[in-house]
Amino acid sequence: MTKALMIQGAGSNVGKSLLVAGLCRAARRRGLAVAPFKPQNMSNNAAVTADGGEIGRAQALQALACGGDPVVDMNPVLLKPETDTGSQVIVQGKRLTTIRARDYAALKPQLMQAVLDSFSRLKSQNDLVIVEGAGSPAEVNLRAGDIANMGFARAADVPVILAGDIDRGGVIAQMVGTQAVLEPGDAAQIKGFLINKFRGDPTLFDDGYALIGARTGWRGFGVLPYFAEAHKLPAEDALDLAGASQGAGLNVVCLVLSRIANFDDLDPLAQEPGVRLTMLRAGQPIPGDTDLVIIPGSKSTRGDLAFLRAQGWDIDLAAHRRRGGHVLGICGGYQMLGQVIDDPQGIEGAAGADPGLGMLDIRTEMIPDKRLTRVQAVHAASGAAMQGYEIHIGRSDGPDRARPFAHVDGVAEGARSADGRVTGSYLHGMFADDGFRAAFLAGLGAQASGLSYGAEVDQTLEALADHMEAHLDVSGLLALAD
């Protein structure tokens with residue numbers, strides 16, 4: 001009988017994704033066939049799966065920790081925010097609809113069956129499934145129809161461990177308060193707790209740890225010190241974006257858009273010692289000494305184009321190009337670089353068209369069909385082979401497409417300006433390819449370090465599992481799985 005264990009949080013961003021990844025790797029090292037599962041996720045950082053769908057980036061990382069390939073069943077419901085009040089709903093890898101937040105509750109009952117079906121398939125294929133909750137079960141105002149936390153845990157009868165984040169303070173109240181507000185049946189589903197992100201001497205929290213156990217009756221599984229190497233793993237939440245990397249040399253600036261998507265594209269660059277990567281936030285001008293500006297993907301291209309202009313970045317980009325700087329647009333950023341973005345059907349918002357930045361001679365039309373595929377390509381400028389993936393709506397064409405960024409199965413992809421300083425592409429994940437990254441940096445006069453990004457991620461997952469084994473009762477946690 002396949003077993004399962006669920007990690008829920010006493011709040012958002014308590015480190016659930018990392019905890020699940022570490023437990024997955026620890027279970028794999030014990031010889032278990034293990035898979036991650038998150039019933040419902042909300043993120044614009046998605047991964048393309050082996051079976052041609054999309055899931056949250058965290059579940060793709062957790063699949064890697066398990067030694068497997070991500071599949072859509074690992075995250076059957078993915079919400080991708082397009083506005084402050086509405087999201088695209090992805091079910092088992094495919095777009096179902098776009099819905100307002102206030103209307104989502106009415107959709108949940110039909111989504112629960114998809115969640116349970118996906119969970120059942122994973123259980124049939126593995127020895128252990130480790131489940132990640134979303135937000136916090138303490139949000140009891142959202143309990144009716146819940147598919148992400150206790151609603152799922154009780155429907156699937158999965159034991160729960162509650163994780164608290166001590167780094168933010170107030171963790172005792174978070175843990176005890178969660179039990180206090182849960183209805184008895186939900187509270188009974190929680191079989192233990194752990195404390196995450198401790199800094200300093202953990203023995204100073206001994207009394208607090210004992211108090212939580214005494215007040216709740218839950219078994220404690222340990223206090224986990226802050227994992228300093230977490231920045232080496234792909235982040236899913238835009239709140240986790242660092243301001244700047246510690247490298248020196250080539251000065252790369254990425255514009256942090258309001259609906260930034262798939263920003264883990266930049267993680268490999270951030271780890272290059274010869275690159276200083278700055279994630280530029282609203283209100284900050286593009287520095288005059290920037291060598292390369294990257295306009296990343298966006299879940300709302302026209303909305304983020306307006307956001308970009310509101311920061312004055314369109315003016316900064318023009319000045320940057322006059323100084324001889326380079327610009328790379330990825331996916332939504334590529335679309336913004338063109339002459340026009342036309343959305344006649346209102347797929348990403350109100351129907352209409354907006355002028356682009358005019359830095360590439362292309363036009364983009366939004367179309368309902370989303371392209372989701374992994375690709376093998378050849379970089380046109382260097383001839384370097386590369387791997388990546390596409391995850392976008394919209395079709396772009398125009399004269400600058402005659403100078404492509406790459407070739408995919410012999411077909412031109414992306415576009416380049418006549419002076420070669422402005423480039424756009426729909427390919428995500430390109431910088432994770434070590435050979436391409438080295439060739440791209442060489443084209444800008446910089447030298448890659450020889451970093452193997454994939455090996456670095458895998459080594460960090462090993463270090464995470466070691467860290468958890470040293471400070472938590474990992475064997476006890478895995479034994480709790482039912």
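The values are calculated or read from the model by the stated rules, or taken from the named source; none is laboratory data. Just so we're clear, the structure is a prediction, and the values are computed from it rather than from any experiment. Positions of Cβ are backbone-derived with ideal geometry, glycine not excepted, and every protein chain shown enters the neighbour counts. SASA here: full protein model, heavy atoms, side chains in, ligands and nucleic acids out. Shrake-Rupley method; radii C 1.70, N 1.55, O 1.52, S 1.80 Å.
Give me the percent of accessible area attributable to carbon and sulfur for the chain, probe 1.4 angstrom.
Solvent-exposed carbon and sulfur of the chain make up 50 percent of the total.
Which sequence of M430, M42 reflects their accessible areas, 1.4 Å probe, from the largest down?
On the way: M430 5, M42 115 Å².
Putting M430, M42 in descending order of accessible area: M42, M430.
For the stretch 404-444, rounded, prolate or oblate, judged on the Cα gyration tensor with a ≥ b ≥ c (square roots of eigenvalues), a/c < 1.5 rounded, else prolate if a/b > b/c? Mind showing how you got there, number by number?
Numbers: a/c = 1.93, a/b = 1.12, b/c = 1.72.
It comes out oblate by the Cα gyration axes.
For a test of the definition: using alpha carbon positions, the gyration tensor, and the 1.5 limit on a/c, classify the stretch 267-385 as rounded, prolate or oblate.
oblate
Identify the trypsin sites (Lys or Arg not before Pro) of the stretch 104-152 meeting these criteria: DSSP loop state and at most 16 other C-beta atoms within 10 Å of the C-beta. Provide the component values of the computation, followed by the final result.
Numbers: sites: R121, K123, R143; in loops: R143.
Listed in order of number, the matching sites are R143.
In square angstrom, rounded to the nearest 10, how much accessible surface does V129 have for a 1.4 Å probe?
Its heavy atoms expose roughly 0 Å² to the probe.
Which net charge results when you count Lys and Arg as +1 and Asp and Glu as -1 among the other residues whose beta-carbon is under 15 Å from that of D369?
Neighbour charge sum, excluding D369 itself: 0.
Over the stretch 257-329, with a single point scatterer placed on each C-alpha, what log10 of the ratio I(q)/I(0) does the Debye formula yield at q = 0.12, 0.19, 0.20, 0.27 1/Å?
-0.32, -0.83, -0.92, -1.43
Taking every DSSP beta bridge that has both residues in the stretch 1-149, what percent is antiparallel when rounded to the nearest 5?
55
Among A442, Q62, M336, pick out the residue whose Cα is farthest towards the positive end of the charge dipole of the chain, where Lys and Arg carry +1 and Asp and Glu carry -1 on C-beta, about the Cα centre.
M336
How many percent of DSSP beta bridges within the stretch 320-387 run antiparallel, rounded to 5? Walk me through the numbers on the way to the answer.
Details: 7 of 10 bridges.
Expressed as a percentage, antiparallel bridges in the stretch 320-387 total about 70.
Output the antiparallel fraction of DSSP beta bridges having both residues in the chain, as a percent to the nearest 5.
Looking only at bridges with both residues in the chain, the antiparallel portion is about 50 percent.
For the stretch 439-482, what is the accessible area per residue in Å², given a 1.4 Å probe and the full set of protein chains?
Computed with neighbouring chains in place, this is 43 Å² per residue.
Might you report the magnitude of the Cβ-based charge dipole of the chain about its Cα centre, with Lys and Arg at +1 and Asp and Glu at -1, to the nearest 20 debye?
360
Quick one: compute a quarter of the convex hull surface over the Cα atoms of the stretch 110-238 and quote it in nm².
For the stretch 110-238, the mean projected area of the Cα convex hull comes to 9.6 nm².
How large is the dipole of the stretch 365-482 about the Cα centre if only Lys and Arg carry +1 and Asp and Glu carry -1, each at its Cβ, rounded to the nearest 20 debye?
The dipole magnitude comes to about 800 debye.
For D434, what is the net charge nearby, where nearby means another residue's Cβ is under 14 Å from its Cβ and Lys, Arg count +1, Asp, Glu -1?
-4
Going by the alpha-carbon gyration tensor, a ≥ b ≥ c the square roots of its eigenvalues, is the stretch 56-175 rounded (a/c under 1.5) or, if a/c is not under 1.5, prolate (a/b greater than b/c) versus oblate?
In terms of gyration-tensor shape, rounded.
Working from Cα positions, state the angle (0 to 90°, nearest 10) between the long axis of helix 453-471 and the longest principal axis of the chain.
Tilt relative to the chain: about 20 degrees.
I'd like to check one number: the per residue accessible area of the stretch 334-406, probe 1.4 Å, reported in Å² as a whole number.
For the stretch 334-406, the solvent-accessible area averages 43 Å² per residue.
Can you compute the charge dipole magnitude of the stretch 256-399 about its Cα centre, using +1 on each Lys and Arg Cβ and -1 on each Asp and Glu Cβ, nothing else charged? Give it in debye, rounded to the nearest 20.
120
On a full-extension model of 0.36 nm per residue, what is the gain between L444 and I315, subtracting their alpha-carbon distance, rounded to one decimal in nm? Display every interim value, and only then the final one.
Working: separation 129, 0.36 × 129 = 46.44 nm, distance 2.28 nm.
Residue separation times 0.36 nm, minus the Cα-Cα distance, leaves 44.2 nm.
How many Å² of accessible area per residue for the stretch 123-280, probe 1.4 Å?
Dividing the accessible area of the stretch 123-280 by its residue count gives 40 Å².
With all protein chains present, calculate the accessible area of R309 using a 1.4 Å probe and round the result to the nearest 10 Å².
Accessible area of R309: about 80 Å².
Tell me, what is the 1.4 Å probe accessible area of D314, in Å² to the nearest 10?
My reading of the accessible area for D314 is about 50 Å².
Taking the 0 to 90 degree range and rounding to the nearest ten, how far is the long axis of helix 16-29 tilted relative to the main principal axis of the chain, both from C-alpha atoms?
Helix 16-29 sits roughly 80 degrees off the main axis of the chain.
Could you work out the local net charge near G454, counting Lys and Arg as +1, Asp and Glu as -1, over the other residues with Cβ closer than 11 Å to its Cβ?
Numbers: positive: none; negative: D433, D434, E456, D458.
Here the count lands on -4.
Give me the three principal axis extents of the chain from the C-alpha atoms, as integers in angstrom, largest value leading.
Sorted from largest, the Cα extents of the chain read 69, 46, 41 Å.
Would you compute, from DSSP H runs of 4+ residues alone, the mean residue ellipticity of the chain at 222 nm, taking -39500 (n - 2.57) per run and dividing by the full residue count, rounded to the nearest 500?
Mean residue ellipticity at 222 nm (helix-derived): -9500 deg cm²/dmol.
I'd like the orientation of helix 57-66 relative to the chain: the angle between its Cα long axis and the longest Cα principal axis, in ° from 0 to 90, rounded to 10.
Result, in degrees: 60.
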